[in-house]
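So the structure is just underneath, and the comments pick up after that.
Since every read-out is calculated from the coordinates, none of them should be taken as a lab result. Small disclaimer: the values here were computed from a predicted structure and weren't measured. Here the Cβ positions follow ideal geometry from the backbone for every residue, glycine too, while neighbour counts run over all protein chains shown.
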Amino acid sequence: MPSKKALVRRPSPRLAEGLVTHIERAEVDVDLAVEQWEAYGEALRTHGWETVEVDPADDCPDSVFVEDTVVMYKNVALIARPGAESRRAETAGIEEAVAALGCSVNWVWDPGTLEGGDVLKVGDTVFVGRGGRTNAAGVQQLRAAFEPLGARVVSAPVSKVLHLKSAVTALPDGTVVGHIPKMDTPSLFGRFLPVPEEAGAHVVLLGGDKLLMAASAPKTAELYADLGYEPVLVDIGEFEKLEGCVTCLSVRLRELYV
């Protein structure tokens, strides 16, 4: 039967020192960020998800963005090797967490780099953003890990945003949603729906027709509601100052052997 566990990680006290790549640095209110993180976790739990806290990594400013440290496919966890060298210490805690949940654990090795925010799964198709943080060797290693399990891996160029999932995610029916000004190749995705706001391109599937998304995309929330979905809005404004989005703040484990 499907599982509904979500790995999360408490923000580091050094969160305000987190990396920014494609946007101007803005002052981050760490106390407010903790409040927003707690509300994010509560939204997951309210909709049937069990949150599992990965051990904090207080010396790693970006560690709250737990999605970047691991990619899940079925019951296999591929431990990432972040393209940002300052983030590589984040993976030890995630490795312990997924092993404790009974996952089969693989690793990305040098010279590969791979961050989980670059990986979008739509059914058995796994799109991998290749660009700033994920390189060709990382894509090849992901392909080697997941294609024997039935995945079809498709490489996608990323140059305008931090990660592939900074530009696109997917609705429950498999339609890819994205904000075209932030995309390199919209034509890569068969079923595609453009959205009017950058933050509207980021959705977490909570189950059924419920979509967890940022409160900063009200027009897109209306669009999804018109399509019959139920947007669940959370304020993640402090994390958006660090190029974070709703997908970055958790790793959803849907296919554990339970």
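Any idea which residue in segment 39-61 is farthest from A84 (Cα to Cα), counting only those that are in a helix (DSSP H, G or I) and either touching a Pro at 6+ places or on another chain (Cβ under 8 Å) or not aromatic (F, W, Y) (or both)?
In the first step, residues of segment 39-61 are kept if they are in a helix (DSSP H, G or I); the result is 39-46.
Subsequent filtering for residues that are either touching a Pro at 6+ places or on another chain (Cβ under 8 Å) or not aromatic (F, W, Y) (or both) retains 39, 41-46.
Numbers: A39: 28, G41: 26, E42: 30, A43: 30, L44: 28, R45: 31, T46: 34 Å.
Per the stated criteria, the residue is T46.
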Review point. If you check every pair at least six apart or on different chains, which have Cβ atoms under 6 Å apart with a residue in segment 1-17 that is within 30 Å of Y257 (Cβ to Cβ) first and a residue that is of a type in the set (S, T, N, Q) second?
Key: A6/T51; A6/S250; V8/T51; V8/S250; R9/S63
Review point. Of G244, G200, which residue is within 30 Å of V30 (Cα to Cα) and assigned to a loop (DSSP other than H, G, I, E, B)?
Key: G244
Exercise for review: Could you please find all residues in segment 171-192 being in contact with a helix residue (DSSP H, G or I) (Cβ under 8 Å, 6 or more places away or on another chain), of a type in the set (A, V, I, L, M) and part of a strand (DSSP E or B)?
Suggested key: V177
Review point. What is the one condition in (1) more than 23 Å from V52 (Cβ to Cβ); (2) more than 17 Å from the chain's Cα centre (by Cα) that G208 does not satisfy?
Key: (1)
Check your understanding: How about segment 52-86: which of its residues are of a type in the set (S, T, Y) and surrounded by fewer than 16 Cβ atoms within 10 Å (Cβ to Cβ)?
Key -> S86
Review point. Identify, please: which residue in segment 123-137 is polar (S, T, N, Q) and in contact (Cβ under 8 Å) with a residue 40 or more places away in the chain and is, among those, farthest from A167 (Cα to Cα)?
Key: N135
Review point. Under 6 Å by Cβ, and 6 or more places apart or on different chains, what pairs join a residue from segment 237-250 that is touching a residue at least 60 places away in the same chain (Cβ under 8 Å) and under 15 Å from E35 (Cβ atoms) with one that is of a type in the set (D, E) and assigned to a loop (DSSP other than H, G, I, E, B)?
Key: E238/D29
Practice item. Can you run down the residue pairs with Cβ atoms below 8 Å, 6 or more apart or on separate chains, where the first is in segment 99-119 and in contact (Cβ under 8 Å) with a residue 12 or more places away in the chain and in a loop (DSSP other than H, G, I, E, B) and the partner is buried (at least 24 other Cβ atoms within 10 Å of the Cβ) and of a type in the set (D, E, K, R)? Key: V108/R81; W109/R81; D110/R81; G112/R81; T113/R81; T113/R133; E115/D68; E115/R133
Check your understanding: Is it true that V64 is touching a residue at least 24 places away in the same chain (Cβ under 8 Å), within 24 Å of L253 (Cβ to Cβ) and in contact with a Pro (Cβ under 8 Å, 6 or more places away or on another chain)?
Key -> yes
Review point. Which members of segment 151-170 meet the condition of being part of a helix (DSSP H, G or I) and of a type in the set (D, E, K, R)?
Key: K165
